[in-house]
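One structure below.
The values are calculated or read from the model by the stated rules, or taken from the named source; none is laboratory data. Only a predicted model underlies this, so the values are computations on that prediction, with no experimental measurement involved. Positions of Cβ are backbone-derived with ideal geometry, glycine not excepted, and every protein chain shown enters the neighbour counts.
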Amino acid sequence: MNTSFSRRGFLSLLGAGTASLAGCASTGPAPSGSVITYRDGVSFRSPDAMADGPSDLEQMYGTVVDNGFVVPAIPYQQINPRYYRQRVVDPTGERPGTIVVDTPSRFLYLVEPGGSAMRYGVGIGREGFSWSGEGVIQWRQKWPKWTPPDEMVARQPELVKYSAKNGGMPPGLTNPLGARALYIFQNGQDTLYRLHGSPEWNSIGKAVSSGCVRLMNQDIIDLYERVPEKARVLVWQ
């Protein structure tokens, strides 16, 4: 089965499954409970629909004390609201418990029962470093060490101090894997592709990392608690 999914296929599915959400961009404030739809066909709930006002957003993206680390609050006002964590109508058609990364749209979906999905904004790999296909979350880690692969060390010799032979980079607020990491395997082999947190909240929605999918730390903590064991993962290009 072909597990890659084109942008056109995604928008066709979105249009067929959620026709009531199609339309032009909203040009004024959205009432509570409404849905804003942009011209690219990707919909998001307004902040008032996703949360009960700024106080809920402040709680969602506020300071988190976790395993002895203090994760700083995120200035959510500086992030495009489409990338806020929110529950949406599932556009994927996949079975509950599946993770779908829509690379072109910079979204990650965790499919839920009943036709909904939790959606998270993500940053993705630069062109030439991306991966697509189907895999499984074989391993999960809170506050992981980061060990750059040998190929990355060869490109960036300054990372040799974090190489496997030197023990990797210890967990912490500046660690590129952030607060959580979900490790994708394919056919029993590590793809070296991760879903992980990042302290660089302003990279969400952009293509900046060396191949992995990054989420805001507050979002990866939330996703980690929701993802079932051995979850299936699809990455669309």
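Out of (1) surrounded by 18 or more Cβ atoms within 10 Å (Cβ to Cβ); (2) at pLDDT 95 or above, the odd one out for ARG226 is which?
The single condition ARG226 does not satisfy is (1).
Out of the residues in segment 137-148 meeting the condition of being touching a residue at least 24 places away in the same chain (Cβ under 8 Å) and touching a Gly at 6+ places or on another chain (Cβ under 9 Å), tell me which one is surrounded by the most Cβ atoms within 10 Å (Cβ to Cβ).
Only one residue tops the list, namely PRO144.
Quick one: would you say GLY205 is surrounded by fewer than 20 Cβ atoms within 10 Å (Cβ to Cβ), within 18 Å of MET118 (Cα to Cα), in contact (Cβ under 8 Å) with a residue 12 or more places away in the chain and touching a strand residue (DSSP E or B) at 6+ places or on another chain (Cβ under 7 Å)?
Working: surrounded by fewer than 20 Cβ atoms within 10 Å (Cβ to Cβ): yes; within 18 Å of MET118 (Cα to Cα): yes; in contact (Cβ under 8 Å) with a residue 12 or more places away in the chain: yes; touching a strand residue (DSSP E or B) at 6+ places or on another chain (Cβ under 7 Å): yes.
So GLY205 fits the description; yes.
State yes or no: is ARG95 under 23 Å from LYS230 (Cβ atoms), basic (Lys, Arg) and over 15 Å from the mean Cα position of the chain (by Cα)?
Working: under 23 Å from LYS230 (Cβ atoms): yes; basic (Lys, Arg): yes; over 15 Å from the mean Cα position of the chain (by Cα): yes.
The answer is yes for ARG95.
Determine, yes or no, whether LEU223 is under 18 Å from THR103 (Cβ atoms) and in a strand (DSSP E or B). Explain how you work it out, then say what you get.
Details: under 18 Å from THR103 (Cβ atoms): yes; in a strand (DSSP E or B): no.
Here the answer is no, as LEU223 does not meet what is asked.
Cβ-Cβ distance below 9 Å, separation of 6 or more or different chains: which pairs start in segment 48-69 with a residue that is modelled with pLDDT of 90 or more and in a loop (DSSP other than H, G, I, E, B) and end on one that is loosely packed, with under 12 Cβ neighbours inside 10 Å and not small (Gly, Ala, Ser)?
If the second residue must be loosely packed, with under 12 Cβ neighbours inside 10 Å and not small (Gly, Ala, Ser), the pairs left are TYR61/PRO75; THR63/VAL70.
Sort through ASN166, ASN187 and tell me the only one that's closer than 22 Å to ALA231 by Cα and free of Cβ contacts under 8 Å to residues at least 24 places away in the same chain. Give the derivation first.
Details: ASN166 fails: closer than 22 Å to ALA231 by Cα.
Being closer than 22 Å to ALA231 by Cα and free of Cβ contacts under 8 Å to residues at least 24 places away in the same chain holds for just one of ASN166, ASN187, which is ASN187.
For residues that are under 15 Å from VAL208 (Cα atoms) and either surrounded by fewer than 20 Cβ atoms within 10 Å (Cβ to Cβ) or in contact with a Gly (Cβ under 6 Å, 6 or more places away or on another chain) (or both), tally how many sit in segment 85-114.
Matching residues across segment 85-114 total 2.
Scan (1) outside any strand (DSSP E or B); (2) over 18 Å from ARG126 (Cα atoms) for the single condition PRO176 breaks and write down its number.
Single failed check for PRO176: (2).
Take SER163 and tell me if it is in contact with a strand residue (DSSP E or B) (Cβ under 8 Å, 6 or more places away or on another chain) and either farther than 21 Å from ARG85 by Cα or not acidic (Asp, Glu) (or both).
no
This table checks each residue for (1) in contact (Cβ under 8 Å) with a residue 12 or more places away in the chain; (2) among the aliphatic types (A, V, I, L, M); (3) surrounded by 15 or more Cβ atoms within 10 Å (Cβ to Cβ).
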residue	(1), (2), (3)
SER116	yes, no, yes
ILE124	yes, yes, yes
GLU134	yes, no, yes
ASP150	yes, no, no
GLU158	no, no, no
THR174	yes, no, no
LEU177	yes, yes, yes
